[in-house]
Amino acid sequence: MKSMIKIGVIGDYDGRPSHIATNEAIEHCASYLGLQQETQWIPTDSIENDCGQSLKSFDGLWCAPGSPYKSAQGAMNGIQFAREHNYPFIGTCGGFQHVVLEFARDILDLPEINKMEFDPYIPNLFIAALSCSLIGESRSILLTKGTRVAQIYGVKQLEERYNCNFGLNHQFRDQLISHGFVVAGTDKMGDTRILELPQNIFFIATLFQPQLSSTRENPHKLILAYLKSVEAFSKQKI
């Protein structure tokens with residue numbers, strides 16, 4: 001009998017290509033692994049206040065592309081829940097950016113980010129405009145030896161597809177590292193493209209969107225690894 005997993009996608013579904021690709025990638029990667037899956041999108045404004053009850057029923061969480069979200073605070077709340085309760089988690093594109101913002105809000109305890117009027121969609125101390133737009137672009141990424149991501153891919157360098165204009169402010173990277181994050185991948189200029197929390201069972205954020213290049217014939221390695229972690233976590237929860 002196939003294992004059943006339930007994925008909660010944090011984001012405001014509107015049918016844009018990256019949202020469709022997220023659903024399709026989860027479906028065909030789960031099928032490749034012989035898993036049954038149920039995917040449910042979680043509107044960010046629905047978890048703006050208490051999110052524990054609505055998120056604990058899932059086996060894994062994915063913070064999807066699509067910023068601006070209806071509620072940046074809701075997106076950060078979902079990420080905080082996954083990080084603190086050690087749920088399998090992946091954040092892509094806007095999810096990557098909000099992983100950084102959640103860290104600034106909840107680990108560094110910066111009060112300005114906790115204000116409802118905080119606007120994360122303009123350059124700030126943590127998220128800055130990229131030196132050149134990556135909308136619709138593919139770029140090389142150098143993987144950091146010994147990281148979980150490097151183990152998943154099994155290569156030193158890869159190429160991935162992006163659809164974004166904002167990334168991690170390079171000046172903020174040392175604070176991330178000093179509090180437990182590992183920079184698992186960079187571009188050729190050394191700018192951060194993948195973050196992971198090695199102490200969690202699976203907590204990886206990518207500025208690129210792996211769902212854009214995943215196909216039924218060639219399912220993406222990172223998504224397969226994520227779903228394997230979700231399956232293991234679902235069995236542990238029982």
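The values are calculated or read from the model by the stated rules, or taken from the named source; none is laboratory data. Bear in mind the structure is a predicted one, so any value in this text is a computation, not a measurement. Positions of Cβ are backbone-derived with ideal geometry, glycine not excepted, and every protein chain shown enters the neighbour counts.
Take the conditions modelled with pLDDT of 95 or more and closer than 18 Å to Gln211 by Cβ and apply them to Glu24. Does it pass? Don't jump to the end; show me each part of the working.
Working: modelled with pLDDT of 95 or more: yes; closer than 18 Å to Gln211 by Cβ: yes.
For Glu24, the condition - modelled with pLDDT of 95 or more and closer than 18 Å to Gln211 by Cβ - is met.
The residues listed here are Gln211, Gln175, Gln236; of these, the one that is buried (at least 18 other Cβ atoms within 10 Å of the Cβ), more than 14 Å from Val149 (Cα to Cα) and not small (Gly, Ala, Ser) is Gln211.
The single condition from (1) in a strand (DSSP E or B); (2) more than 24 Å from Ala21 (Cα to Cα); (3) modelled with pLDDT under 85 that Leu142 fails is (3).
Are there strands (runs of 3 or more DSSP E) fully within region 35-111 with at least 2 residues that are closer than 20 Å to Ile194 by Cα? List them. Before you say what the answer is, go through the steps one by one.
Values: elements: 36-42, 60-63, 89-92.
Filter on region 35-111 gives 60-63, 89-92.
Residue check: Asn218 meets all listed conditions (1) modelled with pLDDT under 95; (2) under 23 Å from Ala30 (Cα atoms); (3) surrounded by fewer than 17 Cβ atoms within 10 Å (Cβ to Cβ) but one, namely (1). Taking residues in region 86-109 that are free of Cβ contacts under 8 Å to residues at least 40 places away in the same chain and farther than 11 Å from Leu168 by Cβ, and partners anywhere that are buried (at least 24 other Cβ atoms within 10 Å of the Cβ) and small (Gly, Ala, Ser), the pairs with Cβ atoms closer than 6 Å and at least 6 places apart or on different chains are His98/Ala75.
Yes/no matrix, rows are residues, columns are (1) at pLDDT below 70; (2) buried (at least 19 other Cβ atoms within 10 Å of the Cβ):
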{"residue": "Ala104", "(1), (2)": "no, yes"}
{"residue": "Lys115", "(1), (2)": "yes, no"}
{"residue": "Ser131", "(1), (2)": "yes, no"}
{"residue": "Phe166", "(1), (2)": "yes, yes"}
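Regarding region 64-83, can at least one residue be identified that is surrounded by 24 or more Cβ atoms within 10 Å (Cβ to Cβ), closer than 20 Å to Ala30 by Cα and modelled with pLDDT of 95 or more? So far as region 64-83 goes, no, none of its residues is surrounded by 24 or more Cβ atoms within 10 Å (Cβ to Cβ), closer than 20 Å to Ala30 by Cα and modelled with pLDDT of 95 or more.
Only residues that are assigned to a loop (DSSP other than H, G, I, E, B), modelled with pLDDT of 80 or more and surrounded by 12 or more Cβ atoms within 10 Å (Cβ to Cβ) were counted across region 145-164, and they come to 1. Checking Gly167, Gly190, Gly180, Gly185 one by one, the residue that is part of a loop (DSSP other than H, G, I, E, B) and under 17 Å from the mean Cα position of the chain (by Cα) is Gly180 and no other. Scanning region 193-207 for residues that are in contact with a Gly (Cβ under 8 Å, 6 or more places away or on another chain) and not in a loop (DSSP other than H, G, I, E, B) yields Arg193, Ile194, Ile204, Ala205, Thr206.
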